[in-house]
1. Taking the Cβ of each residue in A:HIS108, B:HIS127 as the centre, tally the other Cβ atoms inside 10 Å and list the residues starting with the fewest.
2. In what order do A:LEU198, B:LEU206 fall by count of nearby beta-carbon atoms within 10 Å, going from fewest to most?
3. In whole angstrom, how far apart do the alpha carbon centroids of the range B:143-177 and the range A:87-128 sit?
4. With the dipole of the range A:40-142 worked out from charges on the C-beta (+1 for Lys and Arg, -1 for Asp and Glu) around the Cα centre, which of A:VAL125, A:SER86, A:ALA54 lies farthest toward the positive end?
5. Exposure proxy check: A:ARG154, B:ARG90 ranked by fewest other beta carbons within 10 Å?
6. What are the equivalent ellipsoid semi-axes of the range A:53-210, built from the alpha-carbon gyration tensor (square roots of five times its eigenvalues), in whole angstrom, biggest first?
7. What relative contact order, as a whole-number percentage, does the range A:98-213 give when Cα pairs under 8 Å and 6 or more residues apart are counted?
8. Calculate the tail of P(r) for the range B:73-125: the fraction of all Cα-Cα distances greater than 12 Å, expressed in %.
Number of protein chains: 2
Amino acid sequence: MAEHAPSAADAAPAVTAVPAASDASDVPSGSATDAAPRGPADPARPRRSAATRAAILAAARDRFAADGYERATIRAIARDADIDPSMVMRYYGNKAGLFAAASEIEVHAPDLSHVPREEAGARLVRHFLERWECDETLTGMMRVGVTNEAGAQRMRGVFAEQIKPVLAAVCPVPEEAPTRAALIASQILGMALCRYVLHIPPAVDLGHDELVAWLAPTVQRYLTAEQP
Amino acid sequence: MAEHAPSAADAAPAVTAVPAASDASDVPSGSATDAAPRGPADPARPRRSAATRAAILAAARDRFAADGYERATIRAIARDADIDPSMVMRYYGNKAGLFAAASEIEVHAPDLSHVPREEAGARLVRHFLERWECDETLTGMMRVGVTNEAGAQRMRGVFAEQIKPVLAAVCPVPEEAPTRAALIASQILGMALCRYVLHIPPAVDLGHDELVAWLAPTVQRYLTAEQP
DNA sequence: CTGGTGTGTCAACGATTGTTGGCCTACAGT
DNA sequence: ACTGTAGGCCAACAATCGTTGACACACCAG
């Protein structure tokens, strides 16, 4: 009962410092000759393997979203992408690297600076509702972020880099923006959790308009009401 | 790419129809002689193994809460409980049965029928805040409920049997109670997700009183405001 | 004392996991 | 044509998982 943390720590992939997760040129066969930052004739080489890489990434996104980090096996991802499991290792180093590459999220938070202040809440709720339902990426991000430290880190990054700035732009007092953004995130993520992950019946049965009518005043208050 | 569902289905333990999860007498060595519903002299036998069972259950709760269903291994649970892994199998049948026994949640939702209507929101928020921080059970329930279908089913059960009735008792229109309960659950679970699982900084830094001041009006509105 | 049942340990099974190295094919540069 | 290298597959590795069966000790009834 002494060692409890390590078993949870070494299973959590590091989302930063990924061995080979960038997208340009990272075949491990190149031993030490790729020190030159730009070779003479390869900056825009078509890379015949681009299709394979994309297939792996797409399959990985689906599997991570559907099964979570632990249960999404590299073998299953490779089978979905119709290639050999070892190709995944070659292109993305290891499972953590694959996850890091596959979990790049674009939330596309709407620009609120040209929206009437009193409509911002409804706009936000409706946007995230549609964003959540157009594909399963966000559901998967949440599923992984809850169980896996790297996934949680990724979600904190999305919050800090994509949610907070958008709200800070319309927040009357800039230093209150993080708190207000967190409150809004709690309501939106909470509804997504109940509706799309836990499938709590009343939350699933609500229509878009009902949902917006209920949640928009909450988000609006978190955004513009003065601090209690 | 044809078989996608089965790999996720056979890994999800059935929370109902657990082979041997009850607590009375379920040693598999009794082959067919236990058809008598009450033996003559064993209804209150002390069961020397009660301590071991409790230790297993406590360790299982901790591990499931900390690591989620897949990463919480039976071997690790047994090591924490200081017994052999095979004992876990003997007493709880299999991993799914152990989880079913370990994930019995008591939310202890407060009785609101004697609370002034306008204070119900604050009371609810404060109760769940304290409930969440007194132990890690709820965090673990959420961590498992997101990745695992049995965990999700367990959370739906808690919602239907422990949350919904309490709110239905104070809801002016009874048939609106499920919807209102789901909205309240979305806000409370969402804040718990951001604060205790994802550790989004602004959500972690908020004090209890601030949190209540922000969230209580929301919950109050979901509870008593007329339907939009 | 003898037998039976509950309690517990040990060692192993088969399956699956992430990961690795070797080998083969196809294409581009000369 | 020849050669080098990137793309791809195959077989296997060690580790770990859930699970099982055989075996040893402790107790209680007779």
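Quick note: the coordinates plus some simple rules give every number you see, no bench work behind them. Everything quoted here is computed from the prediction, not taken from an experiment. Note that we place each Cβ from the backbone using ideal geometry, even for glycine, and neighbour counts take in every protein chain shown.
1. Details: A:HIS108 11, B:HIS127 16.
The fewest-first ordering by Cβ neighbours comes to A:HIS108, B:HIS127.
2. Details: A:LEU198 24, B:LEU206 19.
Listing A:LEU198, B:LEU206 from fewest to most nearby Cβ atoms yields B:LEU206, A:LEU198.
3. About 29 Å separates the Cα centre of the range B:143-177 from the one of the range A:87-128.
4. Farthest towards the positive end: A:SER86.
5. Details: A:ARG154 21, B:ARG90 16.
By the 10 Å Cβ count, ascending, the order reads B:ARG90, A:ARG154.
6. Numbers: eigenvalues 205, 65, 34 Å².
So the three semi-axes of the range A:53-210 are 32, 18, 13 Å.
7. Details: 72 pairs, mean separation 32.3, N = 116.
Reported as a whole number, the value is 28 percent.
8. Working: 977 of 1378 pairs.
Tail of the P(r) past 12 Å holds 71 percent of the pairs.
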